[in-house]
Every structure is written in structure tokens, then in C-alpha cells.
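Student: Take this structure, written in C-alpha cells, and hold onto it; I'll ask about it next.
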Amino acid sequence: MKICVVGLGNIGFNLFAYLDQKFSGEVIGVDVNESRVKELRRQGYRVTTDYRALTGIDIWLMAPSTGNQGQNLFSALEHMIICPGALISIESTLPPGTMVRIREFLEKRGFKLGTDIFLIHVPHRVMFGVDKTVCDTPRVMGAFTKECLKKGREFYSPLVPQLVEVSDVRVAELSKVVENVKRYVDVAFAQEIYGFCVSNGMSYEELRMAVNSKNNVELLTTDWGIGGECLPKDMNFLRTVCPSALLEGAELADQGYRDRILKQVGISKEVWLRGISYKTGVKDLKHSRGVDLVRALEAAGNTVKVEDPLFSADELSEAGFNPINQQTVDSQNNEEDTARVILDRHKALEIKMWEKEQYDG
């Protein structure tokens, strides 16, 4: 059995690495990013940028970033040498309606689904920092034919703890988008309530403890705003096909929350910002609202220094930030008082002013 993983970003590589252990010698990865492929080759992985080298593939697992209209996915399909009998699993999160477009694309190339090739949609699910692999959690699967579902079942059932089959591929397609948008709305709600607590001198942590004592309710923690790649992207996917005052309100609420963090600091201050990764526990700066906040604060005339337990001072410097370290703390203790503000990612609306020898970083 020859397996190819298309797209070697965070999700695709996680899938590739897992399958490479599970099916040693049978898995190859492909990505258009030459530097990414060179890096993975240096680590000993079997990967390529050349689709022409991918012949006789039995199972295509597609996990590229889709783009706003699925363009990256269709670009990959254009280059793939698809053999009769192959299983094509779309793992990328899709704009609703994309699976129909993929079916039409394949049919125009002369393939009949369920006979010549087998097309399924199994949207990936993974919570980095919690799950080790994209196969650690139940997965949803949808297809256009029963034959395609059967083929998908044979491959995925041994790999995942539970395979949830749905009769309408549009349900599988929509399920992942709705999951992420539900999370978006929950976070936006938490931010609103947190802001209310701060304005009225109440403890948000105590409120969370009280609310979350009911086992079917979860009031979330807050951060610098709703970041990452998936939640904002999938909100856009859903709002495109499902206009909603609720969804629009969630986006406006998040923007208002981020504006409030920035406004409370003002201008011409020294700001120490604690926590800059895109989310707690995940060492990644891409799509980080913390990074956005640093740049916005700097644009407003502030001097910003940062720290994060996941990054060394040297790593932060290499990424273009001014790091906080013990030398920084000691030098501040020896200087005259100035307007210094400390911001913590989970208490972003509760700024603390610097006091000599009081920093608990």
C-alpha cells in the first residue's frame, strides 16, 4: 500500500509523522514549499515537491491549507497522478460546497466515484497541546456513495478511536466549520463577560469557578483575542454561506476586545507583555494575537518587551522582539520610576504598573 500525504504544514506533518510510524516505508509526503521539504529531508523524512515522482499511490490524504476558495486544494488535484481504485481523503477544513466542486472536477477528468476512484471527506481534528496526533480523537466521515464510505471505513477504522459516518457529505463538510465557529463564539462571549467583570470590579476567575461548577457549562479563559489560523478563517467560511447577526456580533465583539486592550495602555509607555505564542502551551508565533498586539502597541509609540515560557530570550530576539530577562529586571530596578505597564495574556484588561523589585515574572 502506497500512501501520500499532501501538504506538510502543522496538520499535514502531524498526520504524515503518525502514518510514517504506523506504515513504515509506505508513506511519502509532498509540499510545494521547497524550504519545508529540504528541512524535513534533513530530518530523514521521505518527502518531495515533485508530483511526477508520485506514481501508483493507493491512498491520497489531502491536508493543504485550503485558501479562501479551496484554491490550494484544487492546485494539488491538478498535479496529482491519480490511479484507478485510489482512495482520496480530503482532510482539510473546507468552505461549504467544496466537496461538490471536487466531485465535479474529478468527474470532468473521467473518473466515476465509487467505481474508478473513492472520494471521502474526513475533516481533521486536533487540539495542539492536548492531542498528540490527528488520529487521537473521533473523526467524522462523509462521502457521495456507499462504496466510497466503505473504502474510507477500511482505512480509517483501525486508526481512530471512533469513526462517525454521516450519510450526507455536506454534513461532514459543515461539521468542522461549525466546531471552530462555535469555539469562536464561546471565546467572544467569555471576552465580553470578562470585560464586564473588570468594569465592575468583580473577579472573572471566581465567576468561572462558579459557572463551571455546573457540569454542562464551560465559561472559557481569555487571551489577547481570537487568533490562530483556523477560527477566524472558518468564521469567514460560515458567514459566507450563513449570514447571521450572531456571527457578525461575535467578530465585532472580538475586535472591540482587542481594541480595548490597546486603548487602555495608551501611548509613550514601556510595556512588558507576558505570553506571545499563538496560544498557551503551543510554541508557535504564526497567527498570534499577541504578536499583533506588540506591533500595534509599538505603532502607537510604546516600547514593548516580551516574555514567554516557551521561548528563550535569544529565540525572541531572533523573532524580532525585545525580550524580558533577569538583566532587564535588574536594570529597571536601578532606574528612576517611569510609566511601565505589565500585561498578562489571561488578564489582558487588568494592567499592572511596575513597582521596583515587585516583578514576579
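The values are calculated or read from the model by the stated rules, or taken from the named source; none is laboratory data. Small disclaimer: the values here were computed from a predicted structure and weren't measured. As a convention, Cβ positions derive from the backbone with ideal geometry for all residues, glycine included, and neighbour counts pool all protein chains shown. In case anyone asks, the SASA skips ligands and DNA or RNA and just uses the protein heavy atoms, side chains included. Shrake-Rupley method; radii C 1.70, N 1.55, O 1.52, S 1.80 Å.
Student: Scan region 153-169 residue by residue and report those that are part of a helix (DSSP H, G or I), surrounded by 17 or more Cβ atoms within 10 Å (Cβ to Cβ) and either out of contact with any Gly (no Cβ under 9 Å at 6 or more places or on another chain) or basic (Lys, Arg) (or both). It would help to see each step written out before you state the result.
Tutor: Initial filter on region 153-169 (part of a helix (DSSP H, G or I)): 153-156, 169.
Those still in the list that are surrounded by 17 or more Cβ atoms within 10 Å (Cβ to Cβ) too: 155-156, 169.
Selection gives Phe155, Tyr156.
Student: Still on this structure, please answer the following. Hey, among Glu307, Glu318, Glu298, which residue is under 28 Å from Phe196 (Cα atoms), modelled with pLDDT of 95 or more and loosely packed, with under 15 Cβ neighbours inside 10 Å?
Tutor: Values: Glu307 fails: loosely packed, with under 15 Cβ neighbours inside 10 Å; Glu318 fails: under 28 Å from Phe196 (Cα atoms).
Unique residue meeting the criteria: Glu298.
Student: Condition test on Ile88, is it modelled with pLDDT of 95 or more, closer than 21 Å to Gly67 by Cβ and assigned to a strand (DSSP E or B)?
Tutor: Here the answer is yes, as Ile88 does meet what is asked.
Student: Based on this model, can you work out whether Leu238 counts as outside any loop (DSSP other than H, G, I, E, B) and either under 20 Å from Val306 (Cα atoms) or open to solvent by 30 Å² or more (accessible area, probe 1.4 Å) (or both)?
Tutor: Here the answer is no, as Leu238 does not meet what is asked.
Student: Select from region 170-188 the residues that are out of contact with any Phe, Trp or Tyr (no Cβ under 9 Å at 6 or more places or on another chain) and β-branched (Val, Ile, Thr) and write down the one among them that is surrounded by the fewest Cβ atoms within 10 Å (Cβ to Cβ).
Tutor: Val171
Student: Then there is this: Kindly indicate whether Glu248 is of a type in the set (Asp, Glu), out of contact with any Ser or Thr (no Cβ under 7 Å at 6 or more places or on another chain) and either under 17 Å from Lys279 (Cα atoms) or not in a loop (DSSP other than H, G, I, E, B) (or both). Working first, answer last.
Tutor: On the way: of a type in the set (Asp, Glu): yes; out of contact with any Ser or Thr (no Cβ under 7 Å at 6 or more places or on another chain): yes; either under 17 Å from Lys279 (Cα atoms) or not in a loop (DSSP other than H, G, I, E, B) (or both): yes.
Taking the combined requirement at face value, the residue satisfies it.
Student: Considering region 23-32 alone, what residues qualify as being out of contact with any helix residue (DSSP H, G or I) (no Cβ under 9 Å at 6 or more places or on another chain) and either of a type outside the set (Phe, Trp, Tyr) or under 21 Å from Asn72 (Cα atoms) (or both)? Give the steps one after another, and end with the answer.
Tutor: Of region 23-32, the ones out of contact with any helix residue (DSSP H, G or I) (no Cβ under 9 Å at 6 or more places or on another chain) are 23-25.
Of everything in region 23-32, those that are out of contact with any helix residue (DSSP H, G or I) (no Cβ under 9 Å at 6 or more places or on another chain) and either of a type outside the set (Phe, Trp, Tyr) or under 21 Å from Asn72 (Cα atoms) (or both) turn out to be Ser24, Gly25.
Student: Counting only residues that are surrounded by 10 or more Cβ atoms within 10 Å (Cβ to Cβ) and of a type in the set (Gly, Ala, Ser), which one in region 27-58 is modelled with the lowest pLDDT?
Tutor: The residue in question is Ala53.
Student: List every residue pair whose Cβ atoms sit under 7 Å apart, with the two residues 6 or more apart in sequence or on different chains, where the first one lies in region 219-238 and is among the aromatic types (Phe, Trp, Tyr) and the second, anywhere, is open to solvent by less than 10 Å² (accessible area, probe 1.4 Å) and at pLDDT 95 or above.
Tutor: Here the result reads Trp224/Ile261; Trp224/Gly290; Trp224/Ala348; Phe237/Val177, each pair linking region 219-238 to a residue that is open to solvent by less than 10 Å² (accessible area, probe 1.4 Å) and at pLDDT 95 or above.
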